[in-house]
Amino acid sequence: MKNFLRLSISFAWKAMLAVYITNSWGQTYAVRDLGALSDISSPAQSRPNAINAVGQIAGVNIVGGTYRALLYGGAWTNLGTLGGGSSYGAGINSSPRVVGYSLTAAGLDHAFLWSPGGSDGVPGNVQMKDLGTLGGDASEAYAINAAGQISGFAQTTKNDRAFRYSGGTMTDIGALLGTLVNSYGYGINDAGHITGTAYNNSFTIAHAFFYNGTTAVDIGSLSNAGAANGSAINNNDQIAGYSTTVDGFDHAFRYAVGVLSDLGTLGGGYSYANAINNSNMIVGGAFTDSGNLIYHAFVCPANTMFDLNTMLDNSGAGWVLSEARAINDLGQIVGVGTLAGADHGFLLNPLPQITRQPTNMTVVCLGNASFSVTATPQPLTFQWYKGLPPNGLAILNSTNNTLNLTNVTGLQAGPYYVVVKSSVASTTSTVATLTVLDSAAPVISGCPGNITNLTDPGVCSVVVTWAAPTAQDGCDGPVAVSCNPPSGSRFNKGTTTVTCIAHDSSGNTNSCSFGVTVLDKQSPTITGCPGNLTNFTQAGVTATVVSWVLPTATDNCDGTVPVVCLPASGSVFTQGVTTVTCKAGDSSGNTNSCSFTVSTVQAQNPVITDLKVVGTNVVIQFVSMNAGLYWVQTTATPTGTWTDVQTGILGNGSTITVTNLGGASFLPRFFRVKLALP
């Protein structure tokens, strides 16, 4: 479970193709073949895993049909096993002592320490010592420091725990990690500080940790809920590893002074840091393509990742470097790749570098400038370029360590670099910038005059375009002009000042301005205007108050605007027909209106023409000439209380029959019809 965070890519390099990423750092390497690698089943195990300060390597390969821990010092030495059938070399110090894990005679997986001249090992292999466990069945060792302290993991009776092995004692440091009860110590520095990965009980949460010799702390991840793995730690307490980003990809990281930095990738989605030296250089592997099919070895000297395939001299012909596994303080790197299509281990030796880089220059227009470098070892050849590597333009006859430029103009300002070559390799300098001073501002022509446009239908703005002005500089020649807001922008109602500015390479500027005025000629839109209204007054009354729901109005610029009706809702309307006009206006003076009529009609009281009993009902016939509503009421005595027995009878100017009054006892009983005006 200890590697669940990582994809199954450790040996995906078997089928890789070479896709090169720019090497703008300048370091080059010569490749040494460490020999062919072979495997017997998945997952693949054969690889060099660690390199010490003098270039000795610990690793694993197939020997006699089984995996064996190996030590390289110009040739590979089989370190044997703890009595079982296989072993795995994981770490090495400068003694050289090698740590790893091996099957015991009982078939258990145990951590080992192999020492040259050792005598306390297992029977039949006295140089290989079984480090035991923390009470469980299994343990594995991954790294060893200069003092012989070892990090790894060992099983207790319940969990896998990171340990530090020192002075013959294995100490459980994973117990310091709280709820992250499973842990693995992958790297240890000379101070005995350890990094690794800790998991919860179900192995669903993975956090990288830092152990300072006393306490273990979670160093975080590249996302709030992301997993993280601490792979290696140097003597500066910088940690290299990998963590899940917010986008769900695993990215290599550097942890330094409490800060976790994403190192990115080589163009694909994933990257993994495996080792870091005391110069804070990190190595590992990363995908280079969007499909995450091509996996390449990388080196990261700061926080910029470089594809090691782009940093090889001619000895790299036929190689595809797939994954860097370790780096020492000499800058030597070991890893795995393919040579002519076959799996091989490699050792990279860094080649000579530029010792003095070109520096930035500042000169006045038409003055002279000079760039120079020094590099070792001699003899060397030089070629200067203008532009950014590797796509700069070669400068003719510029093949010395010094580049001299005369009568420079603004067109010559910009970046320069030199490619330095030896008989075995080449390297590229850092970029130096030439700045040309010019005190005269550019001259602008063709600045537009003021522009007036109307708003687009339904909105309070309009897109406005114009012909761009041009500018000419005495040193730089034609220079770009930028307008703010730019042509093609959407302008709101009102007047906006557009300023167009031209800059030359010396920082001189000139500008011109014009106004863009946007007018609103669109009237508000009125909705909800009432239809014609008819109101009735009581008999003998010639006027009444009439109210209605006000219409609403919206405007393209002002949004909701008020509507005013004359006469207003709630006014007294006399008998006859009155026209009401409702009007809305916006802030630009645009108006719109709607009208309707209010007819005031004097009501007539209902007249009962007949009242009779039919079965269990009383039938009342009455005549109305109004559009009002009528109530039939009853009382036992003319002076008693009148009670509604039927309501809401619509009068329509004809005789109306009211029936079904409930089958009550009718006699003696009085009835009347009451008018209710609308």
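For first residues located in region 493-506 and farther than 30 Å from VAL363 by Cα, partners that are among the β-branched types (Val, Ile, Thr) and not in a strand (DSSP E or B) and lie 6+ apart or on another chain with Cβ distances below 9 Å form the pairs LYS493/THR455. Residues that are free of Cβ contacts under 8 Å to residues at least 40 places away in the same chain and not hydroxyl-bearing (Ser, Thr, Tyr): does region 435-451 have at least one? Yes, region 435-451 contains a residue that is free of Cβ contacts under 8 Å to residues at least 40 places away in the same chain and not hydroxyl-bearing (Ser, Thr, Tyr). Applying the set (1) at pLDDT 80 or above; (2) open to solvent by 70 Å² or more (accessible area, probe 1.4 Å); (3) assigned to a strand (DSSP E or B) to THR647 leaves exactly one unmet item: (1). Every residue in region 576-593 that is open to solvent by less than 70 Å² (accessible area, probe 1.4 Å) and either touching a Phe, Trp or Tyr at 6+ places or on another chain (Cβ under 9 Å) or farther than 30 Å from ASN492 by Cβ (or both), please. Within region 576-593, GLY576, THR578, VAL580, THR581, CYS582 qualify. Of the residues making up region 427-485, those that are β-branched (Val, Ile, Thr), over 20 Å from SER505 (Cβ atoms), open to solvent by 50 Å² or more (accessible area, probe 1.4 Å) and in a loop (DSSP other than H, G, I, E, B) are THR430, VAL459, THR465. Restrict the check to region 477-487 and report whether at least one residue is at pLDDT below 95 and touching a Leu at 6+ places or on another chain (Cβ under 9 Å). Taking every residue of region 477-487 in turn, at least one turns out to be at pLDDT below 95 and touching a Leu at 6+ places or on another chain (Cβ under 9 Å). Which one is farthest from the chain's Cα centre (by Cα) among residues in region 650-667 that are open to solvent by 60 Å² or more (accessible area, probe 1.4 Å) and at pLDDT below 65? Among those that are open to solvent by 60 Å² or more (accessible area, probe 1.4 Å) and at pLDDT below 65, it is LEU667. Kindly indicate whether PHE596 is at pLDDT 95 or above, in a strand (DSSP E or B), of a type outside the set (A, V, I, L, M) and open to solvent by less than 70 Å² (accessible area, probe 1.4 Å). Yes: the conditions hold for PHE596. Kindly state which strands (runs of 3 or more DSSP E) lie completely within region 256-374 and contain at least 2 residues that are among the aromatic types (Phe, Trp, Tyr). Where strands (runs of 3 or more DSSP E) fall fully within region 256-374 and carry at least 2 residues being among the aromatic types (Phe, Trp, Tyr), they are 295-300.
Kindly indicate whether SER279 is polar (S, T, N, Q), under 33 Å from the mean Cα position of the chain (by Cα) and surrounded by fewer than 17 Cβ atoms within 10 Å (Cβ to Cβ). Criteria met by SER279.
Only residues that are of a type in the set (Gly, Ala, Ser), surrounded by 23 or more Cβ atoms within 10 Å (Cβ to Cβ) and more than 25 Å from ALA53 (Cα to Cα) were counted across region 103-112, and they come to 0. Among the residues of region 514-542, which ones are free of Cβ contacts under 8 Å to residues at least 40 places away in the same chain and either small (Gly, Ala, Ser) or over 30 Å from GLY570 (Cβ atoms) (or both)? Correct list: GLY528 only. Confirm whether TYR186 is out of contact with any Ser or Thr (no Cβ under 6 Å at 6 or more places or on another chain) and open to solvent by less than 40 Å² (accessible area, probe 1.4 Å). Criteria not met by TYR186. Screening the candidates THR527, THR497 for the property of being closer than 19 Å to THR455 by Cα, modelled with pLDDT of 95 or more and loosely packed, with under 13 Cβ neighbours inside 10 Å yields one hit, THR497.
The values are calculated or read from the model by the stated rules, or taken from the named source; none is laboratory data. All figures in this text were calculated on a predicted structure; none of them were measured in a lab. Reconstructed Cβ throughout: ideal geometry from the backbone, glycine too, with neighbour counts over all protein chains shown. The accessibility values were calculated without ligands, DNA or RNA, using every heavy atom of the protein model including side chains. Shrake-Rupley method; radii C 1.70, N 1.55, O 1.52, S 1.80 Å.
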